[in-house]
Structures are given as structure tokens and as C-alpha cells.
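The values are calculated or read from the model by the stated rules, or taken from the named source; none is laboratory data. Everything numeric here is computed off the predicted structure, so don't read it as measured data. Here the Cβ is made from the backbone with ideal geometry for all residues, glycine too, and neighbour counts use every protein chain on show. Areas reflect the complete protein model, heavy atoms only, side chains present, ligands, DNA and RNA absent. Shrake-Rupley method; radii C 1.70, N 1.55, O 1.52, S 1.80 Å.
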Amino acid sequence: MSLVDQYDTALFDLDGVVYLGPEAVPAAPAALAALRARGTRVGFVTNNASRHPEVVAEHLRELGIEAEAGDVVSSAQAMAHLLAETLPPDSPVLVLGAPYLRDELVARARIRPVDRVTDHPVAVVQGLSPEMTWADLCEATAAIHAGATWYATNTDSTRPTDRGNLPGCGAAVGAIAVAVPVDPIVAGKPFPPLMRETLERLGGQRPLFVGDRVDTDIAGAHAVGIDSMLVLSGAHGPDDLWGCDAQHRPTHLGLDVADLLEPARTVEIDGDRARCGDQVLTRDADGYRWQGSVTDAASWCDAVWALCRLHWQVVDRGDRAPDPATAAIPARPVPQEVL
């Protein structure tokens, strides 16, 4: 049985899961087509508040992935929903972000966007925009000091691209955070507004969330009580998994979205021994010990998952937890076609 057979809806983060900037994650187009062909409902969820859902859907179609605007839920939409519930119409709001964010807030929350603290904004909404200046950040900071409620579309510190990880919205949020005594109200993952908006619009009876970050995607799934799968095609890898507490641990682990079509990785644990596929990890007085043969990326992922599950059990028991690096699992094999 394929992993996805446990679920009727698959919800995907985008950056690092479906694409890396202008390029598709290699396995994604075929895997998503196969999911749709077998009747799985597919949705795309993004903390990116700078692009209209139709623009996102068009980009996906350019990459060979079937998508319509209605399949996409963004943190801008979640923010508009949040403001519509908390602010009266025509409220002056200082908006830092892309034009789409401003347009969404005007259309759905009926706010009145302003640019200066002298316009007496009742709220500051912060998103990501390449054109954002230091003066913009200072103006928003002054508005927060003057009593405006601070909102942020997301707090992702980085965003994966084809050029590597680049600063995300969270980096700009951090610039304001050092100067004000409050935290922002956040719409995007891992906070509930975006996930709730997604489940209201796209969620089935048994949804699964697929992401590449434990701090946003996996924690966001936990926040609304649904299962999750971490894929190792984007921002986070094994080093980010070892130290996860319960609210950041995925239900499943995969190399990429194609693993949804494979049987779920299962780990058998007996005391201080864990087995996933042919990979075996044990704990002794000197640390973790690995037994197996990593011949490809799939067997490497089996070893990583066995070690994660064993390490978490040791930590949860309150026992002495060795450094996972003592397992000495080899690095992920590089496919021959990219050598």
C-alpha cells in the first residue's frame, strides 16, 4: 500500500517541496500527476504573500504541474481573513509587502492602506518584498511604538531557491523585533490561521501536509492536528530532525514528494534497537551504532529515519541521549545522472 493511500487530500508547501525558484523539484511533476490520477485531492499552501494564486498556478503549469488558482492558499489570504475578523472596514493599515498583499487586504478585509505613521495606522502588516527599504522598516517600527497592532504574514527566516537559501520574511520581521517590545500576530505557518484557511477550503476528511521545514510546515500541521511528511528536497535535513521536540516531528519522512507513492517508511523499535528496511541502529554506552549498507538515497533515508525515531524515543524516556553523529551514517549518495 502506498503512503498516500492513508489520506484523501495531499497539501503541499511549495518552495523546497514542489519547486526551487524557477525549477521544479525533479520528481514533483510526475508524482503530482500520479496523485491526481488516483483521485487524491491536491492543494498548494504557501507562506509567500507576494504572489497572486493565479501567478503561482501559472508557474506550476509552466513546470508541468496541473494547478488552478483555487488550488493555492497563501498567507496573504489568511491575513485578509484574520483582519476581516478583527478590524472594522476602512481601518488605516500600514502595509509592507508586495502589491498583491495590499490588494488582497483591500479586497477581502476592506482596509485602507497607508504608508506613514502620520496617517495613524491601527495596524502594521508585514510581508516580503524585494523593494522593501530600511526606511519602510523604520516607519513600521514607529507605528508599532505609537500603538499599531503588528501582524506578519510569516516568520520564515530563509527561503530556498535555485541559488541556495536566501533571507525570508522572518529576517525583516527580526529587524523590527529588535526595536519593539511586542511580537507580531502571524498568519502563516506554523501558526494556525493559514492552516485553518487551507483546511476550510481544501481539506478532506484525512488530509496530509507535505513540507520541507520542521519549524513551519511540520509544526503547522501539528497546530491543527493533522499528519505530516517531511521531504528532504528543500531547506531542512537530518541535522534539523535530530533535536526536534514532539511538536516538530513529522509523521513520515521522504526524499521527495514521489515517496508518497511508495510504502510508508516504518520503523520497528525494540528497546535500544531500531530497524527501517535493511538499516539497523542500536544505542550502547558509546553512542549510536549503524548496521547496514547505504547503496542509494532510499536506503540512506531509511537509516536517517531509523536513527531519528530511536533518538526521539531515548530523549522522551529521559535517558542519556548520545550525539546522533556517533551513528556515522554515510552522506546521502549522489545520483549517477548528476555526477
*Kindly give the semi-axes, whole Å and largest first, of the ellipsoid equivalent to segment 107-249, taking each as the square root of 5 times a Cα gyration tensor eigenvalue.*
30, 19, 13
*Sum -39500 (n - 2.57) across every DSSP H segment of at least 4 residues in the chain, then divide by the residue count to get the 222 nm mean residue ellipticity, nearest 500.*
-8500 deg cm²/dmol
_Take ALA69 and CYS138, extend 7 Å from each Cα along the Cα→Cβ direction, and tell me the distance between the two endpoints in nm._
3.8 nm
*Please work out how much length the chain gains when fully extended from ASP284 to ASN165, using 0.36 nm per residue of separation minus the C-alpha to C-alpha distance, in nm with one decimal.*
39.2 nm
_Within segment 1-124: Cβ-based charge dipole about Cα centre, in debye rounded to nearest 20 (Lys, Arg +1; Asp, Glu -1)_ = 180 debye
*In vacuo Debye scattering of segment 271-339, one point per C-alpha: log10 I(q)/I(0) at q = 0.12, 0.13, 0.25, 0.28 Å⁻¹?*
-0.31, -0.36, -1.04, -1.24
*How many percent of the accessible area of segment 148-304 is carbon or sulfur, using a 1.4 Å probe?*
46 percent
*DSSP-loop trypsin sites (Lys or Arg not before Pro) across segment 149-212, with at most 14 other Cβ within 10 angstrom*: ARG163
*Taking only the alpha-carbon positions of segment 189-339 and ignoring solvent, what does the Debye formula give for the base-10 log of I(q)/I(0) at q = 0.15 Å⁻¹?*
-0.79
*Packing-based ranking, highest mean first, of 50-60, 290-300, 253-263 given that Cβ atoms within 10 Å are counted*: 253-263, 50-60, 290-300
*Starting from the Cα-Cα distance between ALA175 and ALA328, subtract it from 0.36 nm times their residue separation and give me the gain in nm to one decimal.*
51.2 nm
*asked:* Cβ neighbours within 10 Å, averaged per peptide: list 146-159, 33-46 in order, most packed at the top.
replied: 146-159, 33-46
*Find the centroid of the Cα atoms in segment 195-270 and in segment 20-62, then give the distance between the two in whole Å.*
17 Å
_Below 8 Å, C-alpha to C-alpha, sequence gap of six or more: please give me the relative contact order for the chain in percent._
16 percent
*So how strong a dipole does the chain carry about its Cα centre when Lys and Arg Cβ are +1 and Asp and Glu Cβ are -1, to the nearest 20 debye?*
420 debye
*Give me the percent of Cα-Cα pairs in segment 1-153 that sit more than 22 Å apart, rounded to a whole number.*
48 percent
*Going highest first, how would you order 319-326, 105-112 by mean Cβ packing within 10 Å?*
105-112, 319-326
*Expressed in nm to one decimal, what extension gain is obtained for the pair ARG116 and HIS145 from 0.36 nm per residue of sequence separation less their Cα-Cα distance?*
9.1 nm
*Using a 1.4 Å probe over the heavy atoms of the protein chains, calculate the carbon and sulfur portion of the accessible area of segment 70-134 as a whole percent.*
55 percent
*asked:* Let's test the formula: R0 of 30 Å, r as the Cβ-Cβ distance of ARG196 and ILE269. What FRET efficiency results, to the nearest 0.05?
replied: 0.35
*Calculated from backbone phi, Karplus (6.51, -1.76, 1.60) coupling profile of segment 182-188 in Hz, x at Gly/Pro*: 10, 9, x, 8, 10, 8, x
_How are the alpha carbon pair distances in the chain distributed across 10 Å bins from zero to the largest one, expressed in percent?_
6, 25, 30, 22, 13, 5, 0
